[in-house]
């Protein structure tokens, strides 16, 4: 690495759970291997004073809970193919719980692997546990945080970073 970054924020995992179906989600062992390799690459290539912050994966099931009765949100999710493993209208509750369980497993991996590196901090599932509201979700895709959602997540995670 030639960038000499002093601070790296890692936001990963949602795309590993939000696939076309529950059957196509990334296996937990693969996720662990890829994240471990990422941390090893960063550890080997960053200057010694560099720090890494890892944010947990949001609870996408909560997104479904607050929007599943909204016809426009369902239409956008279907048309854009957003997180069909969980948000598709034909998913069962068991399917949705399987996706949520996978997100929880991925967050456990993020926590465990980050704990193996002295220069890494995990958010203690702060992002996952945050109970965002409808106004904190973008009306463009009913998936990503709106500006107020981004601000809320920033407010929640800031105290956990290396800057405090």
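The values are calculated or read from the model by the stated rules, or taken from the named source; none is laboratory data. Predicted model, so just to flag it, every value in this text is computed and none were measured. Quick reminder, even Gly has a Cβ in these numbers, built from the backbone with ideal geometry, and neighbours come from all protein chains shown.
Filtering the stretch 52-74 to residues that are farther than 23 Å from residue 159 by Cβ, touching a residue at least 24 places away in the same chain (Cβ under 8 Å) and assigned to a helix (DSSP H, G or I) leaves 60, 61, 63, 64, 66, 67, 72, 73. Selection of the stretch 146-164 for residues being assigned to a helix (DSSP H, G or I) and surrounded by 15 or more Cβ atoms within 10 Å (Cβ to Cβ) yields 149, 152, 153, 156, 157, 160.
The set of residues in the stretch 141-159 that are within 18 Å of residue 74 (Cβ to Cβ) and in contact (Cβ under 8 Å) with a residue 60 or more places away in the chain comprises 141, 142, 143.
Any chance the stretch 83-104 includes a residue that's outside any loop (DSSP other than H, G, I, E, B), in contact with a helix residue (DSSP H, G or I) (Cβ under 9 Å, 6 or more places away or on another chain) and farther than 26 Å from residue 21 by Cβ? Among the residues of the stretch 83-104, not one is outside any loop (DSSP other than H, G, I, E, B), in contact with a helix residue (DSSP H, G or I) (Cβ under 9 Å, 6 or more places away or on another chain) and farther than 26 Å from residue 21 by Cβ, which makes the answer no.
Condition test on residue 124, is it within 27 Å of residue 51 (Cα to Cα), part of a helix (DSSP H, G or I) and touching a helix residue (DSSP H, G or I) at 6+ places or on another chain (Cβ under 9 Å)? Considered against the rule, which asks whether it is within 27 Å of residue 51 (Cα to Cα), part of a helix (DSSP H, G or I) and touching a helix residue (DSSP H, G or I) at 6+ places or on another chain (Cβ under 9 Å), residue 124 comes out as no. Of all residues in the stretch 128-146, one or more are touching a helix residue (DSSP H, G or I) at 6+ places or on another chain (Cβ under 9 Å) and within 25 Å of residue 33 (Cβ to Cβ).
Every residue, every condition in (1) surrounded by 17 or more Cβ atoms within 10 Å (Cβ to Cβ); (2) modelled with pLDDT under 95; (3) touching a strand residue (DSSP E or B) at 6+ places or on another chain (Cβ under 9 Å), yes or no:
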residue: 73; (1), (2), (3): yes, no, yes
residue: 84; (1), (2), (3): yes, no, no
residue: 87; (1), (2), (3): yes, no, no
residue: 106; (1), (2), (3): yes, no, no
residue: 111; (1), (2), (3): no, no, yes
residue: 122; (1), (2), (3): yes, no, yes
residue: 137; (1), (2), (3): yes, no, yes
residue: 141; (1), (2), (3): no, no, no
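Could you please give the count of residues in the stretch 12-51 that are at pLDDT 90 or above, part of a loop (DSSP other than H, G, I, E, B) and surrounded by 13 or more Cβ atoms within 10 Å (Cβ to Cβ)? Counting residues in the stretch 12-51 that are at pLDDT 90 or above, part of a loop (DSSP other than H, G, I, E, B) and surrounded by 13 or more Cβ atoms within 10 Å (Cβ to Cβ) gives 7. For residue 66, the conditions (1) surrounded by fewer than 15 Cβ atoms within 10 Å (Cβ to Cβ); (2) under 21 Å from residue 135 (Cβ atoms); (3) in contact with a strand residue (DSSP E or B) (Cβ under 9 Å, 6 or more places away or on another chain) all hold with the exception of (1).
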